[in-house]
Amino acid sequence: QVHLVESGGGLVQPGGSLRLSCAASGSIFSTNAMGWYRQAPGKQRELVADITSGGSTKYVDSVKGRFTISRDSAKNTVSLQMDNLKPEDTAVYYCTLRGRATITYPIQNYWGQGTQVTVSS
C-alpha cells in the first residue's frame, strides 16, 4: 500500500506564493515519476507538473514560469513552489506517484487526498 500525504495548501492573495509538499510512504518498490494534478469546480482534473526519476520536468502551459516542481528521490517527497498565484489557480491539488508497490505489481498511479488552494483577494 502506497500512501501520499499533501500539505501546504491554503488561502493566498493574487500575486502571492504557496509551497505544496507531498510525502510518500508505505510499500514502494520503484518510482517512475511524481507530480501534481489539480481540479477546479466544474472542471476536469489536469496535470500541473511532474518530475521523473531522472529529473525531467513537465508543466502545463498556464503555470510555466510561475511554478517549480522539485523532488527528493531518497525521501520520496515532491514539492511544488507556486509563485505569482492567480485566481484561476484555485483548485484542489493532488499529489501523485507513478510506480510499483512491489516487484510483482503493475506500474500505476497513486493519489493523495488533495489539498485546497484558494487564490482570492
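The values are calculated or read from the model by the stated rules, or taken from the named source; none is laboratory data. Since this is a predicted model, take the numbers as computed values, not measurements. Every residue, glycine as well, gets a Cβ built from its backbone with ideal geometry; the counts of neighbours run over all protein chains shown. Just so you know, the surface numbers come from the protein's heavy atoms only, side chains and all, with ligands and any DNA or RNA stripped out. Shrake-Rupley method; radii C 1.70, N 1.55, O 1.52, S 1.80 Å.
Miscellaneous remarks
- Within region 1-34, the set of residues being of a type outside the set (Phe, Trp, Tyr) and assigned to a loop (DSSP other than H, G, I, E, B) comprises 1, 8, 9, 13, 14, 15, 16, 17, 27, 28.
- Every residue from region 111-121 that is more than 19 Å from residue 11 (Cβ to Cβ), part of a strand (DSSP E or B) and open to solvent by less than 30 Å² (accessible area, probe 1.4 Å): none
- Residue match in region 54-65 (condition: under 17 Å from residue 118 (Cβ atoms) and assigned to a loop (DSSP other than H, G, I, E, B)): no
- Residue pairs meeting the criteria (Cβ under 8 Å; at least 6 apart or on separate chains; first within 14 Å of residue 49 (Cα to Cα), in region 78-97; second part of a helix (DSSP H, G or I)): 82/63; 82/89; 89/63
- Residue check, residue 66 surrounded by fewer than 17 Cβ atoms within 10 Å (Cβ to Cβ), out of contact with any Ser or Thr (no Cβ under 9 Å at 6 or more places or on another chain) and modelled with pLDDT of 95 or more: yes
- Filtered residues of region 35-53 (kept if among the hydroxyl-bearing types (Ser, Thr, Tyr), assigned to a strand (DSSP E or B) and more than 10 Å from the chain's Cα centre (by Cα)): 52
- Residues in region 19-58 that are surrounded by fewer than 21 Cβ atoms within 10 Å (Cβ to Cβ) and of a type in the set (Ser, Thr, Tyr): 21, 25, 27, 30, 31, 52, 53, 56, 57.
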